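Read the structure below first, then the notes.
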Amino acid sequence: MTSATFPEAWPEQLKELAPRTTEVPLEPPDAWVLGSFTPSFRAAHGPINPPFFSDSLLAQLDAALADFEHGVMPRISYCSWKVSTLRHFPTRTLKQMLALLTQPDPRVAAALEVMVTSGDPVVLHLRDWRDLAPWSEFRMFIKDRQFAGVSQYHHRELIPLLARNYAPLAQVLADFADRVLEVIHMDDVVVDLAVAETAAGGFQAELIELNPFDRRTDPCLFSWDKPGDFDQTFRIRLPAPSTL
């Protein structure tokens, strides 16, 4: 299941475009324990022995957290804990980390199922925390190592700030596309990124994650069904035209 989209497969120069991250590889027993907190995983494999994380992993996590002043967002290579509401808050302590990791999450468990049964490595990524407002997230499409378009990520929402700042955001996104294309290791990929306001009143972009360039990935305001729809444009949702 190891994929070129997984953060541990990114070239170092690409990692530099993302928030600072610490990678914690899990020993197989700890990976099995991680899956066991979801009922579907336990139903498939029965009781897991040992029943909890190793002292070694707990010590690694505690030490890693001390290096992040504002906390982290944990994830495995494939996905994050999106079922739990705990994901909306930064993880700062080992207690908070364990509260998150022990939450049942079918998506995380399904990914772990494939990895642990195939012997693929499981890596826990601790990423420097970012507060991401809906306006700040974008999805960028790259096809044949060329920029193919970018859309607001929360594409069902009408966000006036995007229209008001369309020109400067378009420039920042275009510049970020150039930076990604210089170091990306994939010909076809979908790039999730976030934009933050700078102290000088401008914007800057950071890489969030990579996704496959295919129907498994939501095309946002583009379409997989319209030939030529990835036309190198920057798309945001605009108000519907008024009717008389």
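The values are calculated or read from the model by the stated rules, or taken from the named source; none is laboratory data. Worth saying up front: this structure is predicted, and the values here are computed from it rather than measured. Every residue, glycine as well, gets a Cβ built from its backbone with ideal geometry; the counts of neighbours run over all protein chains shown. Protein only, heavy atoms only, side chains kept; ligands, DNA and RNA dropped before computing areas. Shrake-Rupley method; radii C 1.70, N 1.55, O 1.52, S 1.80 Å.
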For this session: Name, by its number, the condition in (1) closer than 23 Å to Ala4 by Cα; (2) open to solvent by 60 Å² or more (accessible area, probe 1.4 Å); (3) touching a residue at least 40 places away in the same chain (Cβ under 8 Å); (4) not charged (D, E, K, R) that does not hold for Leu132.
Result: (1)
Problem set entry | Cβ-Cβ under 9 Å pairs, at least 6 apart or on other chains, the stretch 195-217 side of a type in the set (Gly, Ala, Ser), far side modelled with pLDDT of 95 or more and in a loop (DSSP other than H, G, I, E, B) | Ala205/Leu17
Exercise. Which one is nearest to the chain's Cα centre (by Cα), of the residues in the stretch 42-71 that are more than 30 Å from Glu206 (Cα to Cα), at pLDDT 95 or above and not polar (S, T, N, Q)?
Worked result: Phe53
For this session: Name the residue, out of Glu12, Glu23, that is within 30 Å of Ala196 (Cβ to Cβ), touching a His at 6+ places or on another chain (Cβ under 7 Å), open to solvent by 30 Å² or more (accessible area, probe 1.4 Å) and not hydroxyl-bearing (Ser, Thr, Tyr).
Result: Glu23
For this session: Of all residues in the stretch 32-51, count the ones that are more than 13 Å from Ala110 (Cα to Cα) and surrounded by 15 or more Cβ atoms within 10 Å (Cβ to Cβ).
Result: 2
Exercise. Hey, does the stretch 161-179 have a residue that's among the hydroxyl-bearing types (Ser, Thr, Tyr), in contact (Cβ under 8 Å) with a residue 24 or more places away in the chain and not in a loop (DSSP other than H, G, I, E, B)?
Worked result: yes
Exercise. In this structure, is Pro168 exposed (fewer than 14 other Cβ atoms within 10 Å of the Cβ) and under 27 Å from Thr22 (Cα atoms)?
Worked result: no
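Residues in the stretch 220-234 that are crowded, with 18+ Cβ neighbours inside 10 Å and under 20 Å from Trp135 (Cα atoms): how many?
Applying the first criterion (crowded, with 18+ Cβ neighbours inside 10 Å) to the stretch 220-234 yields 220-222, 230, 234.
Now restrict to residues that are under 20 Å from Trp135 (Cα atoms): 220-222, 234.
Qualifying residue count, the stretch 220-234: 4.
Give me the residue from the stretch 235-244 that is in a loop (DSSP other than H, G, I, E, B) and at pLDDT 95 or above and, out of that set, least open to solvent (accessible area, probe 1.4 Å).
Initial filter on the stretch 235-244 (in a loop (DSSP other than H, G, I, E, B)): 236-244.
Those left that are additionally at pLDDT 95 or above: 236-237.
Values: Ile236: 23, Arg237: 95 Å².
My answer is Ile236.
Looking only at residues in the stretch 200-219 that are closer than 17 Å to Ala133 by Cβ and outside any strand (DSSP E or B), which one is least open to solvent (accessible area, probe 1.4 Å)? Lay out the reasoning, then the answer.
Taking the stretch 200-219 as the starting set, the residues that turn out to be closer than 17 Å to Ala133 by Cβ are 201-206, 208.
If we keep only those that are outside any strand (DSSP E or B) as well, we get 201-202.
Details: Gly201: 58, Gly202: 28 Å².
Looking at the filtered set, the residue picked out is Gly202.
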For this session: Can you run down the residue pairs with Cβ atoms below 8 Å, 6 or more apart or on separate chains, where the first is in the stretch 75-92 and in a strand (DSSP E or B) and the partner is modelled with pLDDT under 75 and buried (at least 16 other Cβ atoms within 10 Å of the Cβ)?
Result: Ser80/Arg87
Problem set entry | Residue under evaluation Leu17, criteria (1) within 23 Å of the chain's Cα centre (by Cα); (2) more than 17 Å from Leu124 (Cβ to Cβ); (3) outside any loop (DSSP other than H, G, I, E, B); (4) of a type in the set (A, V, I, L, M, F, W, C), criterion not met | (3)
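So which residues in the stretch 117-148 are outside any strand (DSSP E or B), over 18 Å from Phe89 (Cα atoms) and not hydrophobic (A, V, I, L, M, F, W, C)? Outline the logic, then answer.
From the stretch 117-148, those outside any strand (DSSP E or B) are 117-121, 129-136, 144-145; that's our starting set.
In the following step, the residues that additionally are over 18 Å from Phe89 (Cα atoms) were identified as 117-121, 135, 144-145.
Across the stretch 117-148, the qualifying residues are Thr117, Ser118, Gly119, Asp120, Pro121, Asp144, Arg145.
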Exercise. Any idea which residue in the stretch 22-31 is farthest from Pro106 (Cα to Cα), counting only those that are touching a residue at least 60 places away in the same chain (Cβ under 8 Å) and not in a helix (DSSP H, G or I)?
Worked result: Thr22
